[in-house]
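The values are calculated or read from the model by the stated rules, or taken from the named source; none is laboratory data. These numbers were taken from a predicted model, which means no experiment stands behind them. No Cβ is skipped: glycine too gets one built from the backbone with ideal geometry, and neighbour counts run over all protein chains shown. We work out accessible area using only protein heavy atoms, side chains counted, and drop any ligands, DNA or RNA first. Shrake-Rupley method; radii C 1.70, N 1.55, O 1.52, S 1.80 Å.
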Amino acid sequence: MSFDALSRNKAPSPFGSTIFVGIRLAEPLLQHAILSRNLGSSLIRRFGGHVLPLGTSVHGLTPYRLILFLMSAGCSFKQIFWLTTVAEQEMPVPVALTIGTFNFILNGINSLLFINTFTSPATYTGQDLDDPGFPPTPLLIGSTVYLTGLFLELVSELQRKRFKKDPKNKGKHYSGGLFHLARHINYTGHIFMRGGYALAAGGWIWGGIITAMFSYDFVTRGIPVLDNYCQNRQPLTFFSMTDIPQTDVSRPSALPTAKISRGNAPASIDQSSSEYLDSIEEEWNKRVDMEVETLVDGMVDLVSLASIGDKDKFRIAQESFQAQSRAESMVRAANSLLSITHSMKLLLLLSDEAQLAHRRDAELKIVQEEKNEARQNVAKLLDDILHPASTSK
């Protein structure tokens, strides 16, 4: 059974957060000790291994070791930034200890594998700038993948955070920005970051193991847990930050006395009837735009999910679940549009008859005045034609 490693409750947790930040700040210090002094070399020799020489260091680290240390520090500060700036969930003490310790151990293994000549990519290429084989291919590819993953995860989380800060987007699922590329682009970035770091430190085999491990956890646990959380919290309806298409809703002919629409704000004392009608029209527009956007996005997602190709059983089951969720969202949007249409008809039928009569009488009065004025003008013209002499006098 899948379990969620993170708490989804939105609440402050200063004690757990402090523990997590403390562990993540201490972890780069351990990596610096391993990389600058070959800390743990006795453990490697105990298992029959050999330790990589320290090389020509600048401030205690060779260029290769400095890059690995920066990767470790980048992982730590990225998670600290996520917790203190992006995340809204609470960080219980057990979760803080588990995640912090896991990262502490995993990054420590990366550093130990690097100083072990049997697994280190620098064994045959060197670790100094003047070595003929520097920089080795695992370092180049690993650093590129690491930076790509760090960018994807950090930027996508910031984009989603900015989207959720807007009160108008409360309860909506974000699919704009980098999330337009993939539904879980932040998890993909995390896999890249972990795999690139492991490749640069422990070589091709270790990089493949870490990438496969995080990918397997992502597919079998991360996605199902997150989808289940989103489905239980609110049906999957996706919105992007693109401009919402505007629609025109006919304005009621008079100020309605029946409050059919849900959530209409009452008119203030200083608000005129015209302003109140404008606010009602804007609210109807927003509701219609939202439901139309849901239908359009749902249709686009269904078309993309209907692509034919080589797919395994898990992919087919996953896309089937996604298609069912999109279809349910589209059905709810269609029902909501029908309800809006019905409410608008009632608003028109139940308009204030007294005000309608008042408007009709006012228009009739204006027409009557124009008619009387026209008669007077015609009578004057006829008098001028029939009695020109009297007019000239």
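List of remarks:
- Selection within segment 42-86: residues that are open to solvent by less than 30 Å² (accessible area, probe 1.4 Å) and among the charged types (D, E, K, R). The member of this set that is nearest to the chain's Cα centre (by Cα) is Lys78.
- On the stretch given as segment 87-134, residues that are loosely packed, with under 14 Cβ neighbours inside 10 Å, part of a helix (DSSP H, G or I) and touching a Phe, Trp or Tyr at 6+ places or on another chain (Cβ under 7 Å) total 0.
- Test: residue in segment 330-347 that is modelled with pLDDT under 80, of a type outside the set (A, V, I, L, M, F, W, C) and within 21 Å of Asp297 (Cβ to Cβ): no
- The set of residues in segment 15-66 that are assigned to a loop (DSSP other than H, G, I, E, B) and in contact (Cβ under 8 Å) with a residue 12 or more places away in the chain comprises Asn38, Gly40, Gly49, His50, Leu52, Leu54, Gly55, Thr56, Ser57, Gly60, Thr62.
- Boolean, Met213 is open to solvent by 50 Å² or more (accessible area, probe 1.4 Å) and under 24 Å from Phe104 (Cβ atoms): yes
- All conditions in (1) assigned to a helix (DSSP H, G or I); (2) open to solvent by less than 10 Å² (accessible area, probe 1.4 Å) hold for Ile141, with the sole exception of (2).
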